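For reference, the structure is listed below as structure tokens.
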Amino acid sequence: MDGKEATRRQEELSWIQDRPAEEIVRTSLTNERDLVMILRVFERTSAPDGVCKALSDVFLRAGKQEPLIRAVVSLETKRARSEATIFRGNNALSRLAIEAIRKFIDELDHELESIVPSYLDEIHQENNDVTIAKYVDMIVKACTPISTFSGYHMFLKHLYRSLQERFPSTTLRVISGFIFLRILSPRILTFYPSNNAVTEREHRLLVNLVKAVQRVFLPSTRSAAIPNPYSTQIHNYIEAKANPPDSKRSMGNFMSPTVTCLEEGRTPKRQNCDDEDLEWGKDMEALATYLEILRPAMTKSVGAFAQALLTGRHVGRISPELQHHLIYGGILITLMSLYVLRLWATTRFGGEDKG
């Protein structure tokens, strides 16, 4: 943990201790700073699935799903060191992203329940590329639904625009890769027909289907040079949802300003924090309980780090930037000490010799 990380933890500790947990849960619906701080704490503590679902349910119930999606996407994109890591792990932000598009995933599961068994039946009779292409087409259509899934479309919009700011050259590949790696591939490969185990041959056939789907969603560098009509269809769909006709096309500063301020160590502007009339429910109670549980744990964590620094027993990884400051700070203090010592010696002993 470096100095910047220690400052973040201290900020989170002060924030979580300032007010009752119930108040934080309510104000997070109208105050983006509280929402972002909740997400940061969730990410640091690897909040369990139930708590992540509770947060998603609260904002969905309040009709404020888009601010949550925007903050999740902005925080994940802002912190990513590489586009290859965005929403690829099992961290809290990735699980919140999955919750945001849950309705779309449920509908996709329903579609795959008919597509995959039909594929296995037909491929047993005609094991050829034409059959595989036919079912790839079905899967692509299932991933580009005409019907409106607001959470899915909001997620595509905010992820596309945030990626345009940080990784503009790979935006479409990152999004299509997310759809394939986090949604499609695991569902196809873990399919069980009629509650029975998949045979070895059926598993190989499913792997062949997944490889064909991967060539559409995540084409290799060599094959990407040749336009794939299915890849083009997916990319056009993503861009259409990211830039609907009734919205402004401005891409400037699309990342959450609150996330940007907090990540850079600046104080975001104050926002209106009017209480919501949302009825207190089990989802809000789960969030408040989790925040209450975290308070003593976070206090102990920050206190242990401070003690380790003061006693010289800091065992965490020190960043190059902090090492630079410590080395040059130590040199500066040494030189100043030598200068003061020389000045004192000159005054003390030089004066006596003169007399």
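Show me the helices (runs of 4 or more DSSP H) entirely contained within region 135-189 in which 3 or more residues are over 21 Å from Tyr230 (Cα atoms).
Hits in region 135-189: 150-166.
Restricting to region 4-27, give me the number of residues that are open to solvent by less than 10 Å² (accessible area, probe 1.4 Å) and under 15 Å from Thr289 (Cα atoms).
4
Every residue in region 213-229 that is at pLDDT 80 or above, in a loop (DSSP other than H, G, I, E, B) and either among the aliphatic types (A, V, I, L, M) or more than 19 Å from Gly177 (Cβ to Cβ) (or both), please.
Once the filter is applied, which keeps residues that are at pLDDT 80 or above, in a loop (DSSP other than H, G, I, E, B) and either among the aliphatic types (A, V, I, L, M) or more than 19 Å from Gly177 (Cβ to Cβ) (or both), region 213-229 yields only Leu218.
Any residue in region 283-301 that's surrounded by fewer than 15 Cβ atoms within 10 Å (Cβ to Cβ): show its pairings with residues that are assigned to a helix (DSSP H, G or I) and modelled with pLDDT of 85 or more at Cβ separation under 6 Å, as long as the two are six or more apart or on different chains.
Going by the 6 Å Cβ cut-off, the qualifying pairs are Glu292/Ala21.
Pull out all pairs, ordered by first then second residue, where Cβ-Cβ is under 8 Å, the residues are six or more apart or on different chains, the first lies in region 230-241 and is modelled with pLDDT under 95, and the second is basic (Lys, Arg).
Lys241/Lys157
The values are calculated or read from the model by the stated rules, or taken from the named source; none is laboratory data. Just so it is clear, the model here is predicted, and its values are computed rather than measured. Backbone-built Cβ (ideal geometry, glycine too); neighbour counts: all protein chains shown. The area values use the complete protein model at the heavy-atom level, side chains included, leaving out ligands, DNA and RNA. Shrake-Rupley method; radii C 1.70, N 1.55, O 1.52, S 1.80 Å.
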